[in-house]
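Trainee: Before I ask anything, here is the structure I am working with.
Read-outs throughout are calculated quantities, based only on the coordinates presented, and are distinct from any laboratory measurement. Given the structure is predicted, the values throughout are model-derived calculations rather than measurements. As a convention, Cβ positions derive from the backbone with ideal geometry for all residues, glycine included, and neighbour counts pool all protein chains shown.
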Amino acid sequence: MSIKTAIVNGVQTIEIARPEKKNALTRAMYQEMADALVAANAENSVRAVLIQGQPQIFTSGNDIEDFMGSPPRDENAPVFQFMRAMIGCDKPIVAAVNGAAIGIGTTLLLHCDFVYVADDARLAMPFVSLGLVPEFGSSLLVPKLMGPRRAAEKILLGDPFTGEQAVECGIANAVLPAGEVVAQARRVAERFNKLPPSAVRESKQLMRRATKEQLLETIQAEAEIFGARLRSPEAMEAFQAFFQKRQPDFSKF
């Protein structure tokens, strides 16, 4: 299985486990993660959610071949179910990031309550270089966190950044040695076993109340433009170059 789930000591773990493909996410994987989040939110015994990858990589983002074979066409697509499930989860979500977190591997962290990154972590949002636009509300949240200038570096130029920079920008809580990230994230998740669950849930709702409607509107706007961009000549050139293992040529556009 490419997504492993388990409930241990009050924590619903969602592990991305496809290292042979750099943990690239498929439609089926998005569906499994969405279902796990919905179930965790409804299960009284679950006090927190832990999302983790593998010791070498968090996720390289979308599986391009799977994604292009059946791109998301409406709000029922698994990727949008996953986004709604993350935003709708009232229980704390903790992420443990080792290695690369590319594309949605970075943008999903914006919707976690706690993020711990390894000292070898490498984050990037290379949407524009693929002829696309930001997703998962990142066009709203990244400028809010980083300010417009640094957001332009990360989104328009797609500049990668380190775990330390992620902390500085407000995306992550702390940088740890690679071998300690998952254990620290689990320790934080398990702390919620000793806290009153209704107070935690309602506090999280209040913290996100002011921006939730704007966030959902942004995700919808991003999705509409993203879908159109997928059919654009620029995106076709970018994806052909990816499969042909060459640099894309945008000089003709």
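Trainee: So what's the angle, to the nearest 10 degrees on a 0 to 90 scale, between helix 197-230 and the longest Cα principal axis of the chain?
Mentor: On a 0 to 90 degree scale, this one is about 10.
Trainee: Cut-off 13 Å, label point 7 angstrom out along Cα-to-Cβ of Q31: give me the residues of the stretch 71-90 whose amide nitrogen falls inside.
Mentor: From the stretch 71-90, the list is 76-82.
Trainee: Give me the Kirkwood hydrodynamic radius of the chain, using the inverse of the mean 1/r over all pairs of distinct Cα atoms, in Å to one decimal.
Mentor: Across the chain, the inverse of the average 1/r is 18.4 Å.
Trainee: A follow-up question, please. Say each of D74 and D90 gets a label point 7 Å from the Cα, pointing the same way as Cα to Cβ; how far apart are those two points in nm?
Mentor: Label-label distance for D74 and D90, simple model: 2.9 nm.
Trainee: Work out how much length A17 to Q214 would gain on full extension: take 0.36 nm times their residue separation and subtract the Cα-Cα distance, in nm to one decimal.
Mentor: This chain segment gains 67.6 nm when fully extended.
Trainee: Still on this model: In whole angstrom, how far apart do the alpha carbon centroids of the stretch 67-134 and the stretch 206-252 sit?
Mentor: Centre-to-centre (Cα) distance: 13 Å.
Trainee: So who's got an amide H within less than 5 Å of the one on L156, skipping anything under 5 residues away but keeping other chains? H placed 1.01 Å off N, in plane.
Mentor: Residues meeting the amide H criterion: none.
Trainee: Checking the a/c ratio against 1.5 first, then a/b against b/c, what shape does the Cα gyration tensor give for the stretch 183-252?
Mentor: It is oblate, given that a/c is not under 1.5 and a/b is not larger than b/c.
Trainee: Through the Karplus equation 6.51 cos²θ - 1.76 cosθ + 1.60, θ set to phi - 60°, convert the phi angles of the stretch 149-161 into ³J(HN,Hα) values in whole Hz; use x for Gly and Pro.
Mentor: The phi angles translate into 5, 5, 5, 5, 4, 7, 9, 6, 8, x, 4, x, 9 Hz.
Trainee: When only C-alpha pairs under 8 Å and at least 6 residues apart count, what is the relative contact order of the chain, in percent?
Mentor: 19
Trainee: Say each of L206 and N41 gets a label point 7 Å from the Cα, pointing the same way as Cα to Cβ; how far apart are those two points in nm?
Mentor: 2.1
Trainee: Which residues' amide hydrogens lie under 5 Å from the amide hydrogen of D63, considering only partners 5 or more residues apart or on another chain, with H built in the peptide plane?
Mentor: Sorted by chain and number, the residues that satisfy this are L25, T26.
Trainee: Another question about this same structure. Specify which residue in the list A210, T107, P55 is farthest towards the positive end of the charge dipole of the chain, using unit charges on the beta carbon of Lys, Arg (+1) and Asp, Glu (-1), about the Cα centre.
Mentor: Result: A210, furthest along the dipole toward the positive end.
Trainee: Compute the FRET efficiency between D249 and E153 as 1/(1 + (r/R0)^6), taking r as their Cβ-Cβ distance and R0 = 25 Å, and round to the nearest 0.05.
Mentor: Between D249 and E153 the formula returns 0.60.
Trainee: Give me the angle, in degrees from 0 to 90, between the Cα long axis of helix 27-42 and the longest principal axis of the Cα atoms of the chain, rounded to the nearest 10.
Mentor: Computed tilt is about 20 degrees.
Trainee: Nearest-5 percent of antiparallel DSSP beta bridges in the chain?
Mentor: Percent antiparallel among DSSP bridges in the chain is about 30.
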